[in-house]
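Each remark here refers to the structure printed beneath this line.
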Amino acid sequence: MKVKIVEDYAEMSRDAAEVVAAMVRQKPNAILGLATGSTPLGMYQKLVQLHREEGLDFSRVITFNLDEYYGLAPDHPASYHYYMWENLFRHINIRPENIHIPDGTAADVEKECKNYEARIRKAGYIDLQVLGIGANGHIGFNEPGTDFGSETHLIELTETTIQANARFFASEKDVPRQALSMGIKSIMRSRHILLLASGEAKAEAVAAAVEGPVTQMVPASILQLHPDVTFIVDQAAAQYLTGSFDVLLQNEKNAEYDKANR
Ligand code: GLP
């Protein structure tokens, strides 16, 4: 696991966009795993700029989003469909048929989750997965306690997540209580993973994910066992790191995890 500590949100966003752009330049038909929330907004702005000013070409790129609220239609302003179109897709030359986001209105949720996982598998799995992190250590919407072996599934949001995301809704009671999310195993199958974190509110989660024990109670801690993960965190989010992650290459643990899961 590599941890890059940058000055602030602007630098994190620029660096993250460069990682994504490098992937797209190197592999024009790259499969990107995308995240929502406030954290990647600056990265998306920068990617739009790279498309407009330098012709970064998304015409063959395929995307899979991590999650969607259960019960929200794609045109609901707080849905992740809406977010993705507003903040990225409508500004770049991606083909609509190459965009995948779980359907929050699916009548048969279990079937939708299975289909979503099958679409990822059929595409050949994700080349680069971008992640944010919840203050409780969640990735995607995989709340503490989620099985490390999980694939795309319906989850119950925790009270802290509902409160944290209430800012996107008229009131807290309007926040859906459930969401469809790629599972931990779906995320771990990605070839490269980039996790972004900014601000003091994420500092404890970052320290627990990077330097704490690998535990289902901190979903992001599983990333210690992935062979190609980079965290880009700003100074505020990095404030509780002690530096021991330099030796946290975890080769033995990687081997153990590979044996059990691949
Ligand atoms: C949300 C999303 C996650 C996101 C996280 C942090 O609930 N489902 O994908 O990474 O919480 O959000 P933010 O970046 O707004 O702090």
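The values are calculated or read from the model by the stated rules, or taken from the named source; none is laboratory data. It should be emphasised that the depicted structure is a prediction, and the values quoted were computed from it without experimental measurement. All Cβ positions, even for glycine, are placed from backbone atoms using ideal geometry, and neighbour counts span all protein chains on display.
Here is how the numbers come out for the structure above:
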item	result
Check on I187, of a type in the set (A, V, I, L, M, F, W, C), within 14 Å of the ligand (Cβ to nearest atom) and in contact with a His (Cβ under 9 Å, 6 or more places away or on another chain)	yes
First in segment 212-241 and of a type in the set (S, T, Y) and assigned to a helix (DSSP H, G or I), second anywhere and crowded, with 22+ Cβ neighbours inside 10 Å and at pLDDT 95 or above, Cβ under 6 Å, 6 or more apart	S221/A209
Wholly enclosed strands (runs of 3 or more DSSP E) of segment 1-79 bearing at least 3 residues surrounded by 20 or more Cβ atoms within 10 Å (Cβ to Cβ)	31-34, 62-65, 67-69
Single residue of R119, R60 found to be out of contact with any helix residue (DSSP H, G or I) (no Cβ under 8 Å at 6 or more places or on another chain) and over 16 Å from I155 (Cα atoms)	R119
Residue under evaluation L196, criteria (1) touching a helix residue (DSSP H, G or I) at 6+ places or on another chain (Cβ under 7 Å); (2) closer than 23 Å to A30 by Cα; (3) surrounded by fewer than 18 Cβ atoms within 10 Å (Cβ to Cβ), criterion not met	(3)
Of all residues making up segment 118-171, the number that are acidic (D, E), surrounded by fewer than 20 Cβ atoms within 10 Å (Cβ to Cβ) and within 14 Å of the ligand (Cβ to nearest atom)	2
Matching option when the condition is out of contact with any strand residue (DSSP E or B) (no Cβ under 8 Å at 6 or more places or on another chain) and in contact (Cβ under 8 Å) with a residue 60 or more places away in the chain, among K46, K4, K27	K27
